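J.: Got a structure here, written out as structure tokens. Questions coming.
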Amino acid sequence: MPSQAENDAQATSSHMMKTTKRGRPFLKDTLDLFATLIVSLQLTPHKQFFRTFPNSFSTDEAAQNLASLKFSQSNRGPDPREPSRVVTTTTTTTFSMTRDMAKAMSQHFMDARLIENATDPSSNLFKDRGVYVLTPKGLHVLERFISKNGINADHLQQVFVTQPICIKLLHLERRSADDEIIVSQSVITALFRRFVGRKPNYPIPTNTPLDAFARYNERSKGVALMDVTERAQPLLGKSQQHHKLCFAAVTALEWLCDFTSVVGREEAAEMAAQFVRFGLITLVSDKRKNNDSAIIFTVRGAAPGGNSPVTQHGEFRCTAKAIYKITEEGSRLAHWDGSRALGIHDSPNASSANLVPDRASVEDSTEGAGDKKQTSDAKIHRRISMAEKLNTNYEAGERKGKESNTDRLRYILEEPALRSLFREFLRGNFCEENLSFWLDVQDFKRKFNITSSAMAVTPTPRAGSRSTPGQAAMEKHHESLINTAFVIYNTYLAPSSQCELNIDHGLRNELAKYLEEVVTSLTGKAFQGRVEPEQANAFNATQLHTMIRLYERIQTHVFRLMATDSVPKFIKTTKFLAMRNWVEDFDPTENDIHLLTSGPAAPPGLSPSEETGGAYMTVSQQASERGHRQQVQATTAASGSAPASP
């Protein structure tokens with residue numbers, strides 16, 4: 001499964017994908033190749049067994065694209081020799097594999113729960129003549145890949161709009177050498193809390209069948225639980241027993257594959273066996289018949305001794321009849337008794353942890369920390385939970401003054417649910433254009449700095465042709481950037497534009513003067529206050545970069561305006577105050593993630609660079625914004641008000 005990277009026509013290299021002891025590619029390579037494949041496909045309706053499946057692809061389409069798949073990425077930056085100029089560096093990676101290898105790779109995508117069989121979602125095999133669709137987890141991975149790499153994915157928007165997306169995906173860090181999950185007590189604690197949810201998830205019986213979004217939302221709250229009654233067996237001297245907080249073994253494996261970064265049922269079973277080893281779950285019954293096969297996963301590790309519930313080994317039975325239940329220790333660790341208060345940490349190492357708030361971002365990561373006696377570098381770096389931000393910052397607002405409003409605005413802009421609510425508030429106050437401009441410029445800057453494309457390339461380039469797929473993609477992307485730059489100008493900054501910003505007169509004049517100089521020099525025509533498409537097409541990357549710097553100054557002005565004028569009013573609204581309670585239940589960072597530690601300090605003589613592991617959560621912007629809109633609509637419907645506009 002070779003891949004090739006090239007910076008120019010002369011510099012090329014090739015290498016094979018690294019694989020684990022189980023024979024699968026490393027997880028990062030799997031996710032990147034999956035997303036590259038999906039971007040290269042046209043997801044269209046496919047028919048099978050007299051049914052039509054929208055946004056799907058066939059086995060043949062996947063195999064054909066994987067046979068020769070090119071991923072090109074272009075990065076822009078200042079020329080080291082002349083910083084005023086902008087240079088573009090393009091790297092093209094080519095994946096090449098046979099049909100059998102392509103099918104094997106697609107099987108890995110299924111194992112990781114990125115795709116599923118459209119006609120039979122319960123099937124775990126990638127078949128030769130199948131039709132496949134993306135799973136909510138696959139859409140989450142795809143969304144992050146598109147955003148990170150600046151990919152134009154307009155052809156995939158229909159998929160994101162019409163299918164459920166995994167809102168929160170828990171990633172477990174892996175060893176760089178063999179891609180195995182790094183297991184520690186704190187990692188298992190975080191994984192278990194995400195597994196069981198904030199409260200026991202007993203499905204509510206309903207006569208009305210739930211749609212796909214509602215079903216997925218219920219599953220995302222935690223593994224589905226049930227109560228089990230074992231009949232009395234007088235001959236064996238056993239009386240009737242009633243067990244609460246039970247779940248099927250198969251259900252647990254499916255949940256771990258769908259909502260975390262584990263790859264396949266084998267790895268999920270190992271994590272479940274760790275739950276057993278740590279005393280969090282225990283077997284209730286396994287009523288399989290004697291001739292039924294049973295796959296039992298066993299894990300081993302050190303036991304601390306004393307009264308600790310942790311044992312040296314744990315086993316998990318992967319059978320259709322196996323039933324497990326959550327133990328008293330598991331219930332305590334889940335904080336179902338209401339002890340999940342801010343600042344309460346019951347991780348074995350939490351008492352020695354020094355919590356340090358890290359910069360807020362959509363991707364939240366937690367790193368290990370050692371004993372209190374270690375240097376200040378050994379601290380937990382985490383993102384403060386959204387509930388903490390809203391509660392502590394709101395209460396301390398008067399003491400922090402303007403700085404507090406600036407911090408609040410940053411949180412609002414980074415949290416999709418809050419940003420959606422803030423947009424509604426600004427719309428009601430007739431100043432929504434401030435937020436729209438700020439977000440559009442952020443997106444424009446990201447696209448300017450990096451752009452990528454993925455395509456299946458079957459024809460051989462003509463001899464003597466200097467254009468590579470990466471260069472062609474960059475040229476097309478440059479045209480798109482020019483268009484975006486002037487859509488922003490004509491929408492927000494041109495005289496009498498439809499969403500004209502109320503900005504400083506000097507800033508507006510400076511931008512207009514620059515455009516007048518450039519347009520006149522490029523086209524020989526006078527600047528009339530608006531930029532026409534034929535004028536815009538003549539702009540080069542350096543001129544676009546100058547426009548970005550001017551846009552950034554206007555961005556700063558708009559940010560200050562929102563922080564000083566809009567935010568103080570917004571945080572006093574009823575909807576914001578209600579959001580504080582709602583976010584506590586929805587918070588994507590969750591307090592269970594922020595108490596991750598690395599375990600005890602390493603004994604003398606061990607390498608300080610040894611990987612200690614951890615976990616972090618990624619959040620789907622599209623899914624969380626959609627979830628917030630549904631929450632608002634449900635609230636307004638319950639109160640008899642008109643539904644909020646999307």
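None of the figures in this text is laboratory data; all of them are computed from the coordinates on show. Predicted, not measured: the structure shown is a model, and the values here were computed from it. Heads up, the Cβs are rebuilt from the backbone with ideal geometry, glycines too, and the neighbour counts pull from every protein chain shown.
J.: If you plug each phi of the range 235-249 into the Karplus form 6.51 cos²θ - 1.76 cosθ + 1.60 with θ = phi - 60°, what whole-Hz ³J(HN,Hα) values come out, in order, with x for Gly and Pro?
T.: 5, 9, x, 9, 8, 5, 10, 10, 10, 9, 6, 9, 8, 6, 4
J.: Please list the non-local residues whose amide H lies under 5 Å from the amide H of residue 245, H modeled 1.01 Å from N, same-chain partners needing a gap of 5 or more.
T.: Answer set, sorted by chain and number: 226.
J.: Can you give me the long-range amide H partners of residue 48? Hydrogens built in the peptide plane at 1.01 Å from N, cutoff under 5 Å, separation of 5 or more residues or another chain.
T.: 53
J.: Further question on the same structure: Need one number: convex hull volume per residue for the range 67-162, Cα atoms only, in Å³. Write down the numbers at each step before the final one.
T.: On the way: hull volume 12.6 nm³, N = 96.
It is 131 Å³ per residue.
J.: Okay, moving on. Could you work out how much longer the chain between residue 456 and residue 337 gets when fully extended? Use 0.36 nm per residue separation minus the Cα distance between them, nm to one decimal. Could you put the intermediate results ahead of the total?
T.: Details: separation 119, 0.36 × 119 = 42.84 nm, distance 5.38 nm.
So the chain would gain 37.5 nm between residue 456 and residue 337.
J.: For the cross-link pairs 28/244; 18/148; 513/572, which exceed 31 Å when the distance is taken from alpha carbon to alpha carbon?
T.: Values: 28/244 38 Å; 18/148 23 Å; 513/572 41 Å.
With Cα atoms farther than 31 Å apart: 28/244; 513/572.
J.: Quick check: pseudo-label points 7 Å beyond the Cα along Cα→Cβ at residue 127 and residue 308, how many nm apart are they?
T.: The two pseudo-label positions are separated by 4.8 nm.
J.: How much length is gained on full extension from residue 284 to residue 22, taking 0.36 nm per residue of separation minus their Cα-Cα distance? All intermediate terms of the calculation are to be shown ahead of the outcome.
T.: Values: separation 262, 0.36 × 262 = 94.32 nm, distance 3.02 nm.
Full extension from residue 284 to residue 22 adds 91.3 nm.
J.: Enter the mean projected area of the convex hull around the alpha-carbon atoms of the range 217-272, in nm², rounded to one decimal.
T.: 5.0
J.: Let me ask something additional. May I ask you to compute the full-extension gain from residue 329 to residue 240, defined as 0.36 nm times their residue separation minus their alpha-carbon distance, rounded to one decimal in nm?
T.: Working: separation 89, 0.36 × 89 = 32.04 nm, distance 2.36 nm.
Between residue 329 and residue 240, full extension yields 29.7 nm more.
J.: Would you mind checking which residues have amide H under 5 Å from residue 152's amide H? H placed 1.01 Å from N; only 5 or more apart, or other chain.
T.: The answer is 452.
J.: Would you calculate the separation in nanometres between label points at residue 442 and residue 296, each defined as 7 Å from the Cα along the Cα-to-beta-carbon direction?
T.: Roughly 5.3 nm, to one decimal.
J.: If packing is taken as the average number of other Cβ atoms within 10 Å across a peptide's residues, how do 318-324, 560-566 rank, most packed first?
T.: Numbers: 318-324: 19.1, 560-566: 17.0.
Put in order of decreasing packing, that is 318-324, 560-566.
J.: Using packing as a proxy for protection, rank 568-575, 216-223, 107-114 so that the peptide with the highest average count of other Cβ atoms within 10 Å comes first. Working shown, then result.
T.: On the way: 568-575: 14.6, 216-223: 18.5, 107-114: 22.4.
Top of the packing list down: 107-114, 216-223, 568-575.
J.: Once all Cα-Cα distances of the range 108-263 are split into 5 Å bins that start at 0, what whole-number percent is in each one?
T.: 2, 7, 13, 17, 18, 15, 12, 8, 5, 3, 1, 1, 0, 0
J.: Could you order the peptides 494-501, 60-67, 16-23, 134-141 from most to least packed, using the average number of other C-beta atoms within 10 Å per residue? Don't skip to the answer; put the middle values down first.
T.: Details: 494-501: 13.8, 60-67: 19.6, 16-23: 12.1, 134-141: 24.2.
Taking the mean over residues of other Cβ atoms within 10 Å, the ranking is 134-141, 60-67, 494-501, 16-23.
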